Amino acid sequence: MTTVETAPATPLTWRPPAGALWSGRWVDGASTMPVHDPEDGRLLGHVTDTSPTEVDQAVTGVATAVASGASGKSWPPWKRREALEEAAALVLRRRERLAEVISREGCKTLREANGEVSRAAETLRLSARQTDRLTGETLPFSDTSRGEGRLGWYTREPVGVVAAITPFNDPLNLVAHKVGPALAGGNGVVLKPAEATPLTALAFAEILLDAGVPAGRLAVVPGTGSGAGHALVSHPLVDLVSFTGGHRTGNAVASAAGAKKTLMELGGNNAVLVLDDADTPAAAQAVVAGAFGVAGQNCLSVQRVFVAARIAAPFLRHVIAATEELRVGRKADPRTDIGPLISEREARRVEGWVQEARESGAVVHTGGRRDGAFHWPTVLTDVPADAKVMTEEIFGPVLVVEPIDTVDEAVARANDTRYGLQAGVFTTALDTALDIAERLRVGAVMINDSSDFRIDAMPFGGPKRSGVGREGVRYAVEAMTEPKVVAVRRGA
Ligand code: NAD
């Protein structure tokens with residue numbers, strides 16, 4: 001592990017046209033808020049701190065644009081597909097700019113930010129493809145005596161205005177996962193990006209408009225959660241709230257939204273099970289990559305590993321060795337594996353949770369160190385079952401490894417959490433793997449991989465505290481559209 005080096009930072013090469021986008025125009029609202037690079041606190045620029053009155057203007061503008069083309073005539077599916085395909089191409093053409101903004105205002109290394117740009121283009125391509133699935137079917141009216149003499153069908157209609165609330169950790173692709181499906185389904189979208197990462201959202205909005213998305217259908221209202229966020233989700237003209245973030249915020253959003261359709265992608269404290277027949281070094285490598293990518297600020301990060309006692313010692317040695325090879329450093333340095341947390345405050349919180357575990361008997365094998373917003377990748381054992389690093393979502397570079405004696409114990413420990421996003425299982429015994437996959441209460445099980453794997457086309461989300469509904473382009477489009485029945489009484 002290396003220490004963070006100091007180097008002079010340069011200003012961003014791209015600036016947004018204005019601090020917000022609403023009523024089909026780039027605008028600067030009455031108040032602004034600063035955007036900083038969490039690595040060194042350097043000021044990157046300002047965006048609008050959108051007020052509730054301005055949010056009202058934005059929502060009303062989008063609702064009006066959607067209502068004027070309510071049947072989809074003004075922006076039919078083929079035009080949506082063309083715009084989303086063009087947006088995917090533009091995302092790739094503006095890769096350098098996007099990667100720079102993602103990395104500078106957020107917590108990703110430049111390498112990780114480049115990966116996110118590719119994923120976002122894929123999410124938009126998948127969204128474009130969904131426009132040919134906006135189909136219904138004929139209904140069997142004559143199958144009931146009451147329906148005789150009638151002919152009917154249903155079509156899929158947009159829900160109307162989608163409020164998208166997004167977190168800081170994937171500031172481009174998680175925005176694309178909401179905006180792409182919402183637009184493909186024929187909706188309008190008002191986006192409230194995370195406080196820390198609004199510039200990426202504005203760069204993305206610029207791309208969507210350049211690609212031909214009608215300006216009135218999209219608004220971006222940067223601001224705080226309690227200000228712009230609350231005003232948006234509680235707005236009466238919003239038809240659906242699509243939220244990604246922490247569980248506690250999810251509760252606040254749900255109660256402010258009231259009786260609206262709501263989709264929630266929340267957190268996880270994901271488990272990986274390593275059985276005694278697993279390829280120990282390969283499992284250790286995958287676990288380390290899954291635990292410490294983006295400094296653990298990923299809802300799919302590996303947090304808890306339950307490893308068969310027989311191989312626990314060599315597995316832990318491999319994990320520690322692979323962790324100590326990771327280089328902590330500046331995000332722009334191509335040699336860096338692990339950048340900062342999103343703020344020094346978050347790094348201090350992670351440090352506090354590690355300290356709490358240590359005070360109650362946990363052993364710190366490597367890491368356990370903080371410098372500003374940087375927290376070194378940390379491997380713990382002997383963690384009490386009620387320590388926060390075990391029960392809550394750490395959202396930082398901390399991994400807990402625990403030996404277990406039986407498969408039943410591993411499954412029980414993995415399920416002993418209020419979360420249920422994803423899990424991983426390492427074993428060469430297919431039947432055992434499938435049996436475990438059935439018994440784990442999560443949204444997805446990765447066999448012979450860590451919990452940290454996803455393609456953008458799969459249904460994504462989990463039970464318990466991990467969410468409500470599923471994202472993943474096709475499933476989001478389904479949720480953001482609704483069936484509408486038309487029936488004809490013949491001979492009337
Ligand atoms: P957060 O919950 O603090 O904030 C998420 C968003 O909600 C931000 O835009 C914030 O401004 C907004 N917000 C806050 N209070 C609000 C309110 N009262 N009304 C409306 N909006 C409000 O989350 P974060 O720290 O940005 O992100 C980390 C969390 O996101 C983690 O828990 C992580 O697991 C979760 N996450 C989940 C997924 C997933 O797909 N399941 C993906 C990424 C991140």
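The values are calculated or read from the model by the stated rules, or taken from the named source; none is laboratory data. What you see is a predicted model; the values in this text were computed from it and never measured. Neighbour counts are summed over all protein chains in view; Cβ atoms, including those assigned to glycine, are modelled from backbone coordinates with ideal geometry. Just the protein is used for accessible areas: all its heavy atoms, side chains included, with ligands, DNA and RNA removed. Shrake-Rupley method; radii C 1.70, N 1.55, O 1.52, S 1.80 Å.
Values for this structure:
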read-out: Selection status of ALA228, within 10 Å of the ligand (Cβ to nearest atom) and either under 15 Å from ASN169 (Cα atoms) or open to solvent by 20 Å² or more (accessible area, probe 1.4 Å) (or both); value: no
read-out: Pairs, first hydrophobic (A, V, I, L, M, F, W, C) in the range 448-472, second in a helix (DSSP H, G or I) and near the ligand (Cβ under 10 Å from one of its atoms), C-beta under 9 Å, six or more apart; value: PHE460/HIS177; VAL468/GLY250; VAL468/ALA254
read-out: Test: residue in the range 474-485 that is farther than 19 Å from ARG81 by Cβ, within 11 Å of the ligand (Cβ to nearest atom) and not in a strand (DSSP E or B); value: no
read-out: Residues satisfying the stated conditions in the range 145-175, i.e. more than 9 Å from the ligand (Cβ to nearest atom), touching a residue at least 60 places away in the same chain (Cβ under 8 Å) and within 14 Å of the chain's Cα centre (by Cα); value: ALA164, PRO171, LEU172, ASN173
read-out: Qualifying residue in the range 331-338 (condition: touching a strand residue (DSSP E or B) at 6+ places or on another chain (Cβ under 9 Å), open to solvent by 10 Å² or more (accessible area, probe 1.4 Å) and at pLDDT 95 or above); value: yes
read-out: Enumeration of residues in the range 176-198 that are basic (Lys, Arg) and near the ligand (Cβ under 8 Å from one of its atoms); value: LYS192
read-out: Among residues of the range 199-225, those that are near the ligand (Cβ under 8 Å from one of its atoms) and open to solvent by 10 Å² or more (accessible area, probe 1.4 Å), counted; value: 2
read-out: In the range 231-259, the residues that are more than 9 Å from the ligand (Cβ to nearest atom) and touching a strand residue (DSSP E or B) at 6+ places or on another chain (Cβ under 9 Å); value: HIS235, LEU237, VAL238, ASP239, LEU240, SER242, ALA254
read-out: Any hit, the range 261-271, residues being open to solvent by 30 Å² or more (accessible area, probe 1.4 Å), at pLDDT 95 or above and more than 14 Å from the ligand (Cβ to nearest atom); value: yes
read-out: Qualifying position, being open to solvent by less than 40 Å² (accessible area, probe 1.4 Å), in contact with a helix residue (DSSP H, G or I) (Cβ under 9 Å, 6 or more places away or on another chain) and within 16 Å of the ligand (Cβ to nearest atom), among PHE460, PHE453; value: PHE460
read-out: Index of the failed condition, VAL477 passing every other in (1) in contact with a Pro (Cβ under 9 Å, 6 or more places away or on another chain); (2) open to solvent by less than 30 Å² (accessible area, probe 1.4 Å); (3) more than 23 Å from GLY188 (Cα to Cα); value: (3)
